[in-house]
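The values are calculated or read from the model by the stated rules, or taken from the named source; none is laboratory data. Here the structure is a predicted model, which means the values were calculated and not measured. Methodologically, a virtual Cβ is constructed for each residue, glycine included, from the backbone with ideal geometry; neighbour enumeration extends over all protein chains shown.
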Amino acid sequence: MIIDVFTIFREEAETNGIVFYYSGIISQNVIKTMGESLKQKLQQQDEKGTKSRKVFSTFIEMIQNAMHYSPVAPDSDDAKEGSIIVGRKEDKYFIICANLIERQYEPRIRDKLDPLLKMTAEEIRQAYRAQLKNDQHSADTVSKGAGLGFLTLARDSAEPIEYAFRDVIGHEDELSCFYLKATI
């Protein structure tokens, strides 16, 4: 039975253009290993230059964000968990990351992302440059970059970034699963 489930998963992944998938514990060593694996996969697909750099940069930004801002996973020993997927559809790549967040941070994340969804590419570039010069975010104890990562994702994305929050069964009052998607 488990083989059948895995067969379905593998076939669905292939059908939907999935080139990389990980779900589990996140650490710097895991991120390094995943990054090397993704680089090899991009080379196998003959991706070079700007697109490859943007895919890799987006992947790293998303998974590090998950590692830094996720609370300790429910029912674990100080481990942080997350999932990330990289896929290709036609000539574009999509990267989707999912990780737990404390529910109290949902409004804060919405406040960072919703304005980006309404900005033009030029407005995003201007906001990115302004945020690079902003030294006021150092007092922010929650977000070390004060949204610079989201601006980076929006700047590099070929389409508007997408996000969603989903309940975590058994932890609905305190945790959400945060999904973030960028298209390169």
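Brief remarks follow.
- Residue pairs meeting the criteria (Cβ under 9 Å; at least 6 apart or on separate chains; first touching a residue at least 60 places away in the same chain (Cβ under 8 Å), in region 10-24; second part of a helix (DSSP H, G or I) and of a type in the set (Val, Ile, Thr)): TYR22/VAL30; TYR22/ILE63
- Verdict on ILE31 being farther than 19 Å from GLU162 by Cα, without any contact (Cβ under 8 Å) to a residue 24 or more places away in the chain and either in a helix (DSSP H, G or I) or of a type in the set (Phe, Trp, Tyr) (or both): no
- In region 34-71, residue farthest from the chain's Cα centre (by Cα) [restricted to those that are assigned to a loop (DSSP other than H, G, I, E, B) and of a type outside the set (Gly, Ala, Ser)]: ASP46
- Test result for LEU100, buried (at least 17 other Cβ atoms within 10 Å of the Cβ), under 30 Å from GLU12 (Cα atoms), aliphatic (A, V, I, L, M) and at pLDDT below 95: yes
- Residue list for region 16-70, restricted to those being over 22 Å from THR152 (Cβ atoms), modelled with pLDDT under 95 and β-branched (Val, Ile, Thr): ILE25
- Residue match in region 83-95 (condition: more than 18 Å from the chain's Cα centre (by Cα), surrounded by 13 or more Cβ atoms within 10 Å (Cβ to Cβ) and farther than 19 Å from LEU153 by Cα): no
- PRO74 being modelled with pLDDT under 95 and either over 13 Å from the mean Cα position of the chain (by Cα) or of a type outside the set (Asp, Glu) (or both): yes
- Scanning region 89-126 for residues that are part of a strand (DSSP E or B), β-branched (Val, Ile, Thr) and under 25 Å from LYS51 (Cβ atoms) yields a total of 2.
- Filtered residues of region 132-184 (kept if modelled with pLDDT under 95, in contact with a Pro (Cβ under 8 Å, 6 or more places away or on another chain) and surrounded by 12 or more Cβ atoms within 10 Å (Cβ to Cβ)): VAL168, HIS171, LEU175
- Residue within region 42-51 that is exposed (fewer than 12 other Cβ atoms within 10 Å of the Cβ) and within 15 Å of ALA182 (Cα to Cα) present: no
- Qualifying residue in region 1-16 (condition: β-branched (Val, Ile, Thr) and within 19 Å of the chain's Cα centre (by Cα)): no
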